[in-house]
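In what follows, a single structure is set out as structure tokens and then discussed.
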Amino acid sequence: MNTRYQRQSFLGEGSQTVIERALIGIVGLGGGGSHIVQQTAHIGFKHYAVFDPQTAEDTNLNRLIGARLVDIGREKLKIARRIIKGLQPDARVLCQRVRWQAAPDVLAACDIVFGCVDSFQDRDELETFCRRHLILYIDIGMDIHQVDGDPPRMAGQVILSAPGYPCMKCLGFITPEKLAREAQAYGVAGARPQVVWPNGVLASSAVGLAVAALTCWTQNARAPVYLCYDGNKNLLTDHVRLQFTPKECQHYPLASGGSAIVTAL
Amino acid sequence: MNLTLRIPQSVLCVARQDLARSHPFAYERIGFFRCRPTVRPDLIVITGYDAVPDEQYIENSGAGACIGRMAIQTAMQRILTHKVGQIHVHQHGHRGVPSPSSTDSANQPRLVSSFRNLGPQLPHGFIILSNTHAWGEFAVPGRRRFEKLRSISVVSARLEFL
């Protein structure tokens, strides 16, 4: 094994080969995605498909890992690529300056997809796509809520959605009500509060799940994973909904995988 | 083309268990995976497995196993009814890369070509599983020649590459 990875040799014989072989997709290169880019590059991942149509703004600098003052106006893709290439010069990075829906063939090739998106709609579409293509999907997200008089409440989630296992709808994370509320509020949401440290906690956990899925170093790979983050208490715990989730997915049967076949009548 | 197959571990387990069962007279067992195309021509996903019932095998001393007309008709009907591709599969109980016998090489391409005639918009193929690896060739929509299988990803809570 390369001495560079000596300190992570506990992951098992052959683990570095598997890590280097896997193609990971990162959708959204903001506060969460930029952490994932950095950590996966340190671990030794060498195949990436990264998606983000945006450029860095000064309001991103409080949380965008790897961004410098001079990067304002630079594509987030280029910042991500710089981080990866700085650690893995021979890495293959497919940069997509589009929403992932505009390059579905690139996303379909991924073995694991990290969803670092803002809306329930985006999450729902990503999970559906990953289920159809038998891709492990790991979702992270955080939000801050404030009710008059109370201190702000910081909450977040890390979810591992694996084909054949309960999905984010089974887990109650995505519901028709949430999708409808979000659709009604479209365009009026404004800038959501975001800070660097909860993104780091959530992204680190997501990367840990990906490494465990690939190397099985814990000898206890499980799905689904639904971790609930309480940023006020600095706690990451199993979500209570896991106890009441059906064993099999009710929404994405394995038989519905692949592209739909359309036949002329 | 670097053809990749993705298969849920639960489906692979069902297939391996079925293919490992002994048969009253055949030396090995045969089954069919259901599969569908994806947005990438070089990526196929497996959606299920169908065993071949004991009575649909025919005695043939020249092959490890031979299935009869009814088994093939049933596979063809699945193409029409369920709009799924058919992958002929059998298993060799050893480690390392399996390879097709001369009987496999002679007969399976003809079977897969028949599947392709029936469902040209779907991928079809034949694979041989070993305990650790797989070998396969596929008829992919839009391609005249058979494509070699490069890898199989086995997907569950963890991810393995065969």
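Does B:THR81 count as at pLDDT 90 or above and more than 16 Å from the chain's Cα centre (by Cα)?
When the stated conditions are applied, B:THR81 passes them.
Could you please give the count of residues in the stretch B:124-162 that are part of a loop (DSSP other than H, G, I, E, B), touching a Leu at 6+ places or on another chain (Cβ under 9 Å) and hydrophobic (A, V, I, L, M, F, W, C)?
3
When the residues of the stretch B:1-15 are narrowed to those that are in a helix (DSSP H, G or I) and over 12 Å from the mean Cα position of the chain (by Cα), which ends up surrounded by the fewest Cβ atoms within 10 Å (Cβ to Cβ)?
Restricting to residues being in a helix (DSSP H, G or I) and over 12 Å from the mean Cα position of the chain (by Cα), the top hit is B:CYS13.
Let me confirm something: among A:VAL117, A:VAL113, which residue is within 16 Å of the chain's Cα centre (by Cα), in a strand (DSSP E or B) and either under 18 Å from A:GLY28 (Cα atoms) or of a type in the set (Asp, Glu) (or both)?
Details: A:VAL117 fails: in a strand (DSSP E or B).
Criteria check complete, one pass: A:VAL113.
Going through the stretch A:65-76 one residue at a time, which ones are of a type outside the set (Val, Ile, Thr) and farther than 8 Å from A:THR55 by Cα?
A:GLY66, A:ALA67, A:ARG68, A:LEU69, A:ASP71
Which numbered condition in (1) aliphatic (A, V, I, L, M); (2) in contact (Cβ under 8 Å) with a residue 60 or more places away in the chain; (3) assigned to a loop (DSSP other than H, G, I, E, B) is the only one that B:VAL97 fails?
(2)
Out of A:VAL196, A:VAL225, A:VAL211, A:VAL201, I need the residue that is away from chain B (no Cβ under 14 Å), crowded, with 20+ Cβ neighbours inside 10 Å and closer than 30 Å to A:LYS46 by Cα. Which one?
Every option except A:VAL201 fails the conditions.
What number of residues in the stretch B:139-152 are within 14 Å of another protein chain (Cβ to nearest Cβ) and within 15 Å of the chain's Cα centre (by Cα)?
Residues in the stretch B:139-152 being within 14 Å of another protein chain (Cβ to nearest Cβ) and within 15 Å of the chain's Cα centre (by Cα): 4 in total.
Go through the residues of the stretch A:131-147 one by one and say whether even a single one is over 27 Å from B:THR4 (Cα atoms) and assigned to a loop (DSSP other than H, G, I, E, B).
Taking every residue of the stretch A:131-147 in turn, at least one turns out to be over 27 Å from B:THR4 (Cα atoms) and assigned to a loop (DSSP other than H, G, I, E, B).
With respect to the numbered conditions (1) away from every other protein chain (no Cβ under 14 Å); (2) loosely packed, with under 13 Cβ neighbours inside 10 Å; (3) outside any loop (DSSP other than H, G, I, E, B), which one is the sole condition not fulfilled by B:LEU111?
(2)
Between a first residue in the stretch A:238-265 that is free of Cβ contacts under 8 Å to residues at least 24 places away in the same chain and a second residue that is among the β-branched types (Val, Ile, Thr) and surrounded by 10 or more Cβ atoms within 10 Å (Cβ to Cβ), which pairs have beta carbons less than 8 Å apart while being 6 or more apart in sequence or on different chains?
Correct list of pairs: A:ALA255/B:THR47.
If I filter the stretch A:234-249 down to residues being among the polar types (S, T, N, Q) and farther than 21 Å from A:ARG131 by Cβ, which single residue comes out as surrounded by the fewest Cβ atoms within 10 Å (Cβ to Cβ)?
Among residues in the stretch A:234-249 that are among the polar types (S, T, N, Q) and farther than 21 Å from A:ARG131 by Cβ, the one surrounded by the fewest Cβ atoms within 10 Å (Cβ to Cβ) is A:GLN243.
Would you tally the residues in the stretch A:158-177 being outside any loop (DSSP other than H, G, I, E, B), more than 14 Å from chain B (Cβ to nearest Cβ) and surrounded by 21 or more Cβ atoms within 10 Å (Cβ to Cβ)?
Residues flagged as outside any loop (DSSP other than H, G, I, E, B), more than 14 Å from chain B (Cβ to nearest Cβ) and surrounded by 21 or more Cβ atoms within 10 Å (Cβ to Cβ) within the stretch A:158-177 amount to 1.
Please verify whether B:VAL155 is modelled with pLDDT of 90 or more, more than 14 Å from every other protein chain (Cβ to nearest Cβ) and in contact with a helix residue (DSSP H, G or I) (Cβ under 8 Å, 6 or more places away or on another chain), treating the condition exactly as stated.
For B:VAL155, the condition - modelled with pLDDT of 90 or more, more than 14 Å from every other protein chain (Cβ to nearest Cβ) and in contact with a helix residue (DSSP H, G or I) (Cβ under 8 Å, 6 or more places away or on another chain) - is not met.
Tell me which residues, restricted to the stretch A:67-85, are under 20 Å from A:ALA22 (Cβ atoms) and surrounded by fewer than 18 Cβ atoms within 10 Å (Cβ to Cβ).
Hit for the stretch A:67-85 is A:LYS85, nothing else.
Quick one: in the stretch A:228-265, which of the residues that are more than 10 Å from chain B (Cβ to nearest Cβ) and in a helix (DSSP H, G or I) is nearest to B:VAL45 (Cα to Cα)? If you could, list the steps in order and put the result at the bottom.
Of the stretch A:228-265, the ones more than 10 Å from chain B (Cβ to nearest Cβ) are A:228-247, A:249-252, A:264-265.
From what is left, the residues that are in a helix (DSSP H, G or I) are A:240-244.
Numbers: A:VAL240: 33, A:ARG241: 30, A:LEU242: 28, A:GLN243: 31, A:PHE244: 30 Å.
Looking at the filtered set, the residue picked out is A:LEU242.
On the basis of being aromatic (Phe, Trp, Tyr), touching a residue at least 60 places away in the same chain (Cβ under 8 Å), out of contact with any Phe, Trp or Tyr (no Cβ under 9 Å at 6 or more places or on another chain) and farther than 30 Å from B:GLY48 by Cα, does A:TYR165 make the cut?
In short, no.
I'm checking my understanding of the structure. Among residues of the stretch A:39-87 that are assigned to a loop (DSSP other than H, G, I, E, B) and acidic (Asp, Glu), which one is farthest from A:GLY141 (Cα to Cα)?
Here the residue is A:GLU57.
Per-residue answers, yes or no, for (1) of a type in the set (S, T, N, Q); (2) surrounded by fewer than 21 Cβ atoms within 10 Å (Cβ to Cβ); (3) over 12 Å from the mean Cα position of the chain (by Cα); (4) more than 14 Å from chain A (Cβ to nearest Cβ):
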{"residue": "B:ASN107", "(1), (2), (3), (4)": "yes, yes, yes, yes"}
{"residue": "B:PRO120", "(1), (2), (3), (4)": "no, yes, yes, no"}
{"residue": "B:PRO123", "(1), (2), (3), (4)": "no, no, no, no"}
{"residue": "B:ILE127", "(1), (2), (3), (4)": "no, no, no, yes"}
{"residue": "B:LEU159", "(1), (2), (3), (4)": "no, no, yes, no"}
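The values are calculated or read from the model by the stated rules, or taken from the named source; none is laboratory data. What you see is a predicted model, and the numbers here were worked out from it, not measured in a lab. Note: ideal-geometry Cβ built from the backbone for every residue, glycine included; neighbour counts use all protein chains shown.
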